[in-house]
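Contents: one structure, followed by commentary.
The values are calculated or read from the model by the stated rules, or taken from the named source; none is laboratory data. What you see is a predicted model; the values in this text were computed from it and never measured. Methodologically, a virtual Cβ is constructed for each residue, glycine included, from the backbone with ideal geometry; neighbour enumeration extends over all protein chains shown. Just the protein is used for accessible areas: all its heavy atoms, side chains included, with ligands, DNA and RNA removed. Shrake-Rupley method; radii C 1.70, N 1.55, O 1.52, S 1.80 Å.
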Amino acid sequence: MNLSTVVRSELNSQLKRLEAKHRDLNVSVDQYRTSRFLTRTQQVDLARLKKMKLATKDRILSIRKQVHTV
C-alpha cells in the first residue's frame, strides 16, 4: 500500500465514525422534538446537541473533500 491508500483508508475510517456519531446525534435531537414542552435544561441540551451535530456534519464534509483530493 502506498501513502495515498493509507491516508484514504484512514479518512474513510474517520468518515464512518463521524457518520455514526451524526446519526446518533440526530436520534437524540429527534427525541426532544417529540416533546411539546422542554424545560430550560432540556432546551440548553438540545441546543448543545444541535451544535455538535452541525460540527460533526462540517467535519464529514471536510473529510469527503479530502478523500476526493487524495
Any chance segment 37-46 includes a residue that's surrounded by 11 or more Cβ atoms within 10 Å (Cβ to Cβ), on the phi < 0 side of the Ramachandran plot and in contact with a Lys or Arg (Cβ under 9 Å, 6 or more places away or on another chain)?
yes
Expected output for segment 13-37 (first residue of a type in the set (A, V, I, L, M), partner open to solvent by 50 Å² or more (accessible area, probe 1.4 Å), Cβ below 8 Å, 6+ apart or cross-chain) is L15/R64; L18/R59; L25/M52; V29/K50
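How about segment 38-70: which of its residues are in a helix (DSSP H, G or I) and in contact (Cβ under 8 Å) with a residue 24 or more places away in the chain?
Matches in segment 38-70: L49, M52, K53, T56, K57, R59, I60, I63, R64, Q66, V67.
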I'd like the residue in segment 56-70 that is within 16 Å of R23 (Cβ to Cβ) and open to solvent by less than 60 Å² (accessible area, probe 1.4 Å) and, out of all such residues, is nearest to the chain's Cα centre (by Cα).
T56
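I want to confirm something. Restricting to segment 24-55 and keeping residues that are small (G, A, S) and closer than 25 Å to Q14 by Cα, which single residue is nearest to the chain's Cα centre (by Cα)?
Among them, the one singled out is A55.
For segment 1-34: of the residues being polar (S, T, N, Q) and not in a helix (DSSP H, G or I), which is most open to solvent (accessible area, probe 1.4 Å)?
Residue satisfying both the conditions and the ranking: T34.
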